[in-house]
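The structure under discussion appears below in the form of structure tokens.
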Amino acid sequence: MKTVASFTIGYRQVLDQDGRIVDALPEFARDPAVLVDLYQRMSFTRVFDGKAVALQRTGKLGTYASSLGHEAAHIAIGVAMKPEDVFCPMYREYGVQFVRGVKPRHVLLYWCGDERGNDFTGPKHDLPWCVPIATQCLHAAGAALAFKLRHEPRVAVSVVGDGGSSKTDFYAAINSAGAYTLPYIGVIVNNQWAISVPRSAQTGAETLAQKGLAGGLRCVQVDGNDVIAMLAVMQEAIAHARRGEGGTVVEAVTYRLSDHTTADDARRYRPDDEVKQAWDREPLKRLRRYLEALGVWDEAKEQAWKEQCGREVDIEVNAYLETKSQPIESIFDYLYAEAPHDIAAQRAQAIALEGRPHG
Amino acid sequence: MAEITLIEAVTQALAYEIAHDPSVVVLGEDVGVNGGVFRATAGLHARFGSERVLDTPLDETAIAGLAVGMAFQGMKPVAEAQFDGFIYPMMDHIICHAARMRSRTRGRLHCPMVLRAPWGGGIRAPEHHSEAPEALFAHIPGLRVVIPSSPARAYGLLLAAIRDPDPVIFFEPKRIYRQYKEEVPDDGEALPLDVCFVLRDGSDVTLVTWGAHVKETLEAADALAKEGIYAEVIDVATVKPLDFDTIHESVQKTGRCVIVHEAARTGGIGAEIAAQLAEKAMFDLVAPVERVTGYDTPMPLFRLEMKYLPSVERILAAAKRTLAYR
């Protein structure tokens, strides 16, 4: 039997878990200031995340999906994209969004049950958080199709989890992106757990990256805890897409150091040892070691930066806590561009129930 | 001016909007060179090219999801589900995203898309090709659901659907795609998406229907007229939002209402109309509201489909039951 096609899946790692450079440094990583900036952004995201979990634990926030451990993957995606590109998140990609200009107060508003969190600062064309799992992949492909039809040099990026990569919509996005040669990058942030179901139970595929092969896309697996490799991979994928040469599936291998959400207790289903070992591979520690070895970071800078992050997060938390609920009529006011008569009647009824006049 | 069929009116409306609005793109299975399995997009690919008329991979989930993605980036996709029975995989994207994009982003994004599908039974089609799922969509806040019943209304309502800044489900009654021709000026004039059309004035009983069953309902009205009974016939056309006022005005005049639809009975649009009659027109009624509908079974394969679909005889019998009350 002859071979009609054959494939390989590459793995990219530049900075290993001990902070050693194990592959050629990409051009951008030769500038320590760039690396310090990446580190600071990752650190800020982690400080925010810890604060958000604390707010939930003290009854000041609803259920919250932590991004702990995903900082390298998220920051690299955000830094690699241009403002005019479109980002289609799942629901824990705060690092990407902070880079793109979303304010922490909007993340908090969303998780406190207020739709205005979805009306965030930053690119107005980015999609809001997407809870149904993987549908955002097709929306990103659709956005990419719009860019292609309008001959705009823009790309669309979606993030899905290892569990989300099992869904119809993920495969549909890959297939569509291949069929139309779309400027679409489908990032799988493989954090090993879809709530309680481990990566090994999701699929028989050796890698999640290889799922892109079925649609004719470039496929790359990358150490998702290594922000240098992650950014290099994203830059290459986006450049490829922007040149009109098609899409890429990026599998960022990382680990969910938190519970699935604050409503979950991961101790029920995964061993402590596994989590302990994952902390040895987490993304901030290795980069800090490397920066310290370069002589551009130290304990004093670490403390000063964390304090600054804390102050900035506190400003955002206070802004969020001071935001009052929208009135009940807001649920009607954005349903249609022009409210049909039946909606107008229900709106009036809801206002009247509160004893307020309605126009 | 040439007379055209309902499906030719669909094509005419699509062509008009593609020609006049650069953001309009038609996409679906076989809609390109082939012109659609019913010929709804015949000639559009040749006229407008493959950047305006797109064949998609054979994946309804993808058609819906791509349309949502295009729409929130400012295009106006007009997506086609090849048959009503293939629309169910699209519902996640329609319900969870298209219908609530504007609301959940508090107006930051919206989803100006149309999902067209041939709709309903009566053409001896294979399994899953003859469904009437309008109530499933009418239940969803944020959608509009439209079902034209004549060439002129197909043209005007489809133009309105495409121009509407919110998602519209546009069901085309395939049984009457080629039932008759009428003059439909290609003048770009849209019809309103929030009104019922009174097709025939009458004083004795109100017959309310939509889609292909406008035909049987008008025939029933003819038969009643021969007996000196004058039925008012209303084509609902837009089942969501429902123009109840027009129905109410008619019932105030007639005191009787028969609702005719081919979809299954339980939870159908007929139930909504009957509920609103009970809420707002109880004391205008002189007889219980009647529903003549498909049965609460799956649409049967076509040997039995005409017995499933409301017939003129069933409509007449229901009308006469209401007329027994004085």
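Criterion first (in the same structural domain as B:S50 (by TED's automatic domain parsing), closer than 17 Å to A:A140 by Cα and surrounded by fewer than 20 Cβ atoms within 10 Å (Cβ to Cβ)) does B:G107 satisfy it? Lay out the reasoning, then the answer.
On the way: in the same structural domain as B:S50 (by TED's automatic domain parsing): yes; closer than 17 Å to A:A140 by Cα: no; surrounded by fewer than 20 Cβ atoms within 10 Å (Cβ to Cβ): yes.
Against the criterion (in the same structural domain as B:S50 (by TED's automatic domain parsing), closer than 17 Å to A:A140 by Cα and surrounded by fewer than 20 Cβ atoms within 10 Å (Cβ to Cβ)), B:G107 does not qualify.
Which of the residues that make up segment B:64-86 are of a type in the set (V, I, T) and within 9 Å of chain A (Cβ to nearest Cβ)? Passing the criteria: only B:V68.
What pairs come out if I take residues in segment A:137-165 that are within 9 Å of chain B (Cβ to nearest Cβ) and pair them with residues that are among the polar types (S, T, N, Q) and part of a strand (DSSP E or B) whose C-beta lies under 7 Å away, six or more apart or interchain? Pairs found: A:C137/A:S158; A:A140/A:S158. In the condition set (1) within 19 Å of B:R106 (Cβ to Cβ); (2) crowded, with 22+ Cβ neighbours inside 10 Å, A:L145 is compliant with all but (1). With the condition kept exactly as written, say whether any residue in segment A:183-192 is surrounded by fewer than 24 Cβ atoms within 10 Å (Cβ to Cβ), of a type outside the set (V, I, T) and free of Cβ contacts under 8 Å to residues at least 60 places away in the same chain. No, there is no match, as no residue in segment A:183-192 is surrounded by fewer than 24 Cβ atoms within 10 Å (Cβ to Cβ), of a type outside the set (V, I, T) and free of Cβ contacts under 8 Å to residues at least 60 places away in the same chain.
Each residue in segment B:82-94 was checked for being touching a Pro at 6+ places or on another chain (Cβ under 8 Å), crowded, with 23+ Cβ neighbours inside 10 Å and not charged (D, E, K, R), and 2 pass.
Listed here are the helices (runs of 4 or more DSSP H) enclosed by segment A:293-359 that have at least 1 residues being within 14 Å of chain B (Cβ to nearest Cβ) and modelled with pLDDT of 95 or more: A:330-333, A:341-353.
Only a single item in (1) under 23 Å from the mean Cα position of the chain (by Cα); (2) assigned to a helix (DSSP H, G or I); (3) among the β-branched types (V, I, T) is not met by B:T322, and it is number (1). Which one of the conditions (1) more than 7 Å from chain A (Cβ to nearest Cβ); (2) under 26 Å from A:E152 (Cβ atoms); (3) crowded, with 21+ Cβ neighbours inside 10 Å; (4) not aliphatic (A, V, I, L, M) does B:S50 fail to meet, given that it meets all the rest? Of (1) more than 7 Å from chain A (Cβ to nearest Cβ); (2) under 26 Å from A:E152 (Cβ atoms); (3) crowded, with 21+ Cβ neighbours inside 10 Å; (4) not aliphatic (A, V, I, L, M), only one is false for B:S50: (3). Of all residues in segment A:64-98, exactly one satisfies the criterion of being surrounded by fewer than 23 Cβ atoms within 10 Å (Cβ to Cβ) and β-branched (V, I, T), namely A:V79. Inspection of segment B:259-268 finds a residue satisfying the criterion of being of a type outside the set (A, V, I, L, M), under 17 Å from B:T209 (Cβ atoms) and not in a strand (DSSP E or B). Do we have B:P57 as facing chain A (nearest Cβ under 10 Å) and surrounded by 24 or more Cβ atoms within 10 Å (Cβ to Cβ) here? The answer is no for B:P57. Checked against (1) within 14 Å of chain B (Cβ to nearest Cβ); (2) surrounded by 14 or more Cβ atoms within 10 Å (Cβ to Cβ), A:L284 passes all but condition (1).
Take the conditions buried (at least 20 other Cβ atoms within 10 Å of the Cβ), part of a helix (DSSP H, G or I) and touching a residue at least 24 places away in the same chain (Cβ under 8 Å) and apply them to A:L61. Does it pass? Even if it seems obvious, please write down each step before you answer.
On the way: buried (at least 20 other Cβ atoms within 10 Å of the Cβ): yes; part of a helix (DSSP H, G or I): no; touching a residue at least 24 places away in the same chain (Cβ under 8 Å): yes.
In short, no.
Residue by residue, here is whether (1) without any contact (Cβ under 8 Å) to a residue 12 or more places away in the chain; (2) in contact with an Asp or Glu (Cβ under 7 Å, 6 or more places away or on another chain) holds:
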{"site": "B:A271", "(1), (2)": "no, no"}
{"site": "B:A274", "(1), (2)": "no, no"}
{"site": "B:G294", "(1), (2)": "no, yes"}
{"site": "B:E313", "(1), (2)": "yes, no"}
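Per-residue answers, yes or no, for (1) part of a strand (DSSP E or B); (2) surrounded by fewer than 24 Cβ atoms within 10 Å (Cβ to Cβ); (3) modelled with pLDDT of 95 or more; (4) not aliphatic (A, V, I, L, M):
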site: B:V208; (1), (2), (3), (4): yes, no, yes, no
site: B:H213; (1), (2), (3), (4): no, no, yes, yes
site: B:E216; (1), (2), (3), (4): no, yes, yes, yes
site: B:L224; (1), (2), (3), (4): no, yes, yes, no
site: B:G228; (1), (2), (3), (4): no, yes, yes, yes
site: B:E232; (1), (2), (3), (4): yes, no, yes, yes
site: B:V239; (1), (2), (3), (4): yes, no, yes, no
site: B:L242; (1), (2), (3), (4): no, yes, yes, no
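Restricting attention to segment A:82-136, the residues that are more than 11 Å from every other protein chain (Cβ to nearest Cβ), closer than 19 Å to A:E71 by Cβ, without any contact (Cβ under 8 Å) to a residue 60 or more places away in the chain and in a loop (DSSP other than H, G, I, E, B) add up to 5.
The set of residues in segment B:245-268 being among the hydrophobic types (A, V, I, L, M, F, W, C) and more than 18 Å from B:P288 (Cβ to Cβ) consists of B:A263, B:A264. All conditions but one from (1) outside any loop (DSSP other than H, G, I, E, B); (2) in contact (Cβ under 8 Å) with a residue 12 or more places away in the chain; (3) surrounded by fewer than 20 Cβ atoms within 10 Å (Cβ to Cβ) apply to A:T45; the one that does not is (3). In segment B:222-239, the residues that are on the phi > 0 side of the Ramachandran plot form Cβ pairs under 7 Å with partners that are hydroxyl-bearing (S, T, Y) and at pLDDT 95 or above, at six or more places apart or across chains, as follows: B:A237/B:S149.
Scanning segment A:323-340 for residues that are of a type in the set (A, V, I, L, M), under 23 Å from A:W111 (Cβ atoms) and over 30 Å from the mean Cα position of the chain (by Cα) yields a count of 1.
Just one of the listed residues (B:L44, B:L115, B:L136) is away from chain A (no Cβ under 14 Å), within 30 Å of A:G117 (Cα to Cα) and either surrounded by fewer than 20 Cβ atoms within 10 Å (Cβ to Cβ) or in contact with a strand residue (DSSP E or B) (Cβ under 6 Å, 6 or more places away or on another chain) (or both), namely B:L136.
The values are calculated or read from the model by the stated rules, or taken from the named source; none is laboratory data. These figures come from a predicted structure and were not determined experimentally. Glycine also receives a Cβ, built like all others from the backbone with ideal geometry; neighbour counts cover every protein chain displayed.
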